[in-house]
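What follows is a set of notes on a single structure, which appears directly below.
The values are calculated or read from the model by the stated rules, or taken from the named source; none is laboratory data. The shown structure was predicted, so the numbers you read here are calculated from the model rather than taken from an experiment. Heads up, the Cβs are rebuilt from the backbone with ideal geometry, glycines too, and the neighbour counts pull from every protein chain shown. With ligands, DNA and RNA removed, areas are computed over all heavy atoms of the protein, side chains included. Shrake-Rupley method; radii C 1.70, N 1.55, O 1.52, S 1.80 Å.
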Amino acid sequence: MHAALESIYERVLSRNPGEVEFHQAVREVLDSIGPAVDKHPEYADARIVERICEPERQIIFRVPWEDDQGGIHINRGFRVEFNSALGPFKGGLRFHPSVLLGTVKFLGFEQVFKNALTGLPIGGGKGGSDFDPRGRSDREVMRFCQSFMLELYRHIGEHTDVPAGDMGVGGRELGYLFGQYKRITNRYESGVLTGKGLSYGGAQVRREATGYGCSFFVEEMLRARGESFEGKDVVVSGSGNVALYTIEKVHQLGGRVVACSDSGGFVHDPKGLDLDLLKDIKEVRRERIAEYTEQRGDATFVPDRSVWEVPCQVALPSATQNELDEDDAAALVRGGCIAVGEGANMPTTSAAVRVLQEAGVSFAPGKAANAGGVAASALEMQQNASRDSWSFEHSENRLREIMVDIHARCHDVAEEYGSPGNYVAGANIAGYSRVAEAMLALGLV
Ligand code: GLU
């Protein structure tokens, strides 16, 4: 790491004790932006990097709610408003029992660079709660969302901070959140949340956007090395929103997704996963993927093992942070993998990224590869602001253009700064440069 950045990193460590995921995300960025810092000493004079590492505002609140039996539960809510140099804070809400302040900070930090890479006018933020929606009834989820919004509403707004979904927050939760916001504020402010349902201000392709976008990015990355998805075996981890729509698009682009997973294990279907069945299990019935083998005789369910042991040419980790470690990376390399694209946020450990890059695998970091979701959110904001709605086809074309553009920027910037083929360096330098330039222009704020 560049010496000046090393001391900034030390300070991040001591000021944010125990927030290991946040440390990891900061380290990964600071490791790559050295050449950009050297090129622009005026940014260092204005302490841009120190400011980027410190959220503008962090909100932590109590969320009390009542279950169906009348039992009382207390959860913790977060919203970390990280950086608004490029636009209103923008980023999802994650409901998962593992959520801590450090989790939300890592996600918010990543979001700043990701959103900058889209080229759209959005700053970065993230929020969530340690609430576990799994096994909860719709009414319990609704009561939780209403209680969560009863505090959050005062911090957000279409020009201030615009939340969306992330793990555990999908169409159902966003509906309850929007309904409660509308009721409290007496405003039909469509642009305050994105990922809304199509019946009340949502946008075409938002649901599909992260998975589709990741597939488009990886298609470009394959093209850059003279390859395509055609005829390739692909493994996608996870089976949530990102995974399902990645599988859909990869199949359309000529690849064959042979495995996906959830926290209980993985399904291997060598003939290619049956997406209709998966959608029925996950989106309609909200069940575990072990169910898949009940209806597909050729498939196997392997409990408690890593999906990365299934050989493939393309791997798309789309479950959660640090799910793909050094051993998994080595297994992928042995199995003939040539490209890895992160559909989730930081699913690959730093050591695993090194293994992949050293083996010549093209590696797309999440802040570039999964930016399609938030890009489609920015398009939803644009449609809401003009009280318009675009067709599916037009929206998908816009998404594809944006992803092709992000790929080109990461690719070209990596080359310009002396690391050809290194998409991690390209994404971090390109994202940082855009935010830094705006921050300098805005003065000391
Ligand atoms: N949670 C998604 C992400 O990680 C989407 C955020 C948004 O649409 O605002 O980028």
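Kindly indicate which of VAL80, VAL104, VAL99 is assigned to a strand (DSSP E or B), more than 10 Å from the ligand (Cβ to nearest atom) and of a type outside the set (S, T, N, Q). Give the steps one after another, and end with the answer.
Working: VAL104 fails: assigned to a strand (DSSP E or B); VAL99 fails: assigned to a strand (DSSP E or B).
Testing whether each residue is assigned to a strand (DSSP E or B), more than 10 Å from the ligand (Cβ to nearest atom) and of a type outside the set (S, T, N, Q) leaves just VAL80.
List every residue pair whose Cβ atoms sit under 6 Å apart, with the two residues 6 or more apart in sequence or on different chains, where the first one lies in the range 363-389 and is touching a residue at least 40 places away in the same chain (Cβ under 8 Å) and the second, anywhere, is within 9 Å of the ligand (Cβ to nearest atom) and β-branched (Val, Ile, Thr).
ASN370/THR210; GLY372/THR210; GLY373/THR210; SER377/THR194; ALA378/ILE122; GLU380/THR194
With respect to GLU287, is the statement that it is more than 16 Å from the ligand (Cβ to nearest atom), out of contact with any His (no Cβ under 8 Å at 6 or more places or on another chain), in a loop (DSSP other than H, G, I, E, B) and on the phi < 0 side of the Ramachandran plot true?
yes
Has the range 378-386 got at least one residue that is in a helix (DSSP H, G or I), open to solvent by less than 40 Å² (accessible area, probe 1.4 Å), under 30 Å from THR194 (Cα atoms) and among the small types (Gly, Ala, Ser)?
Looking for residues that are in a helix (DSSP H, G or I), open to solvent by less than 40 Å² (accessible area, probe 1.4 Å), under 30 Å from THR194 (Cα atoms) and among the small types (Gly, Ala, Ser), one finds at least one in the range 378-386, hence yes.
Please go through (1) on the phi > 0 side of the Ramachandran plot; (2) within 23 Å of the chain's Cα centre (by Cα) for GLY272 and return the number of the only condition it doesn't satisfy.
It is condition (2) that GLY272 fails.
More than 26 Å from GLY170 (Cα to Cα) and not in a strand (DSSP E or B), is that true of ASP280? I'd like the intermediate steps shown before the answer.
Values: more than 26 Å from GLY170 (Cα to Cα): no; not in a strand (DSSP E or B): yes.
So ASP280 does not fit the description; no.
Looking only at the range 182-220, which residues are of a type in the set (D, E, K, R) and within 24 Å of ALA339 (Cβ to Cβ)? Write out each step before concluding.
Taking the range 182-220 first, the residues of a type in the set (D, E, K, R) are 182-183, 187, 189, 196, 206-208, 219-220.
GLU208, GLU219, GLU220 - these are the residues of the range 182-220 that are of a type in the set (D, E, K, R) and within 24 Å of ALA339 (Cβ to Cβ).
What pairs come out if I take residues in the range 333-359 that are part of a loop (DSSP other than H, G, I, E, B) and pair them with residues that are surrounded by 24 or more Cβ atoms within 10 Å (Cβ to Cβ) and of a type in the set (D, E, K, R) whose C-beta lies under 7 Å away, six or more apart or interchain?
ASN345/GLU110; MET346/GLU110
Which one of these does SER147 not meet: (1) in contact with a strand residue (DSSP E or B) (Cβ under 7 Å, 6 or more places away or on another chain); (2) buried (at least 24 other Cβ atoms within 10 Å of the Cβ)?
It fails just one condition, (2).
Given the criteria assigned to a helix (DSSP H, G or I), touching a residue at least 60 places away in the same chain (Cβ under 8 Å), closer than 14 Å to GLU219 by Cα and touching a Gly at 6+ places or on another chain (Cβ under 9 Å), does ARG409 qualify?
No; evaluated as a whole, the condition is false for this residue.
Of LEU93, LEU107, LEU100, LEU117, which residue is within 20 Å of the chain's Cα centre (by Cα), among the aliphatic types (A, V, I, L, M), open to solvent by 10 Å² or more (accessible area, probe 1.4 Å) and within 29 Å of TYR9 (Cβ to Cβ)?
Step by step, each of LEU93, LEU107, LEU100, LEU117 is checked, and only LEU100 is within 20 Å of the chain's Cα centre (by Cα), among the aliphatic types (A, V, I, L, M), open to solvent by 10 Å² or more (accessible area, probe 1.4 Å) and within 29 Å of TYR9 (Cβ to Cβ).
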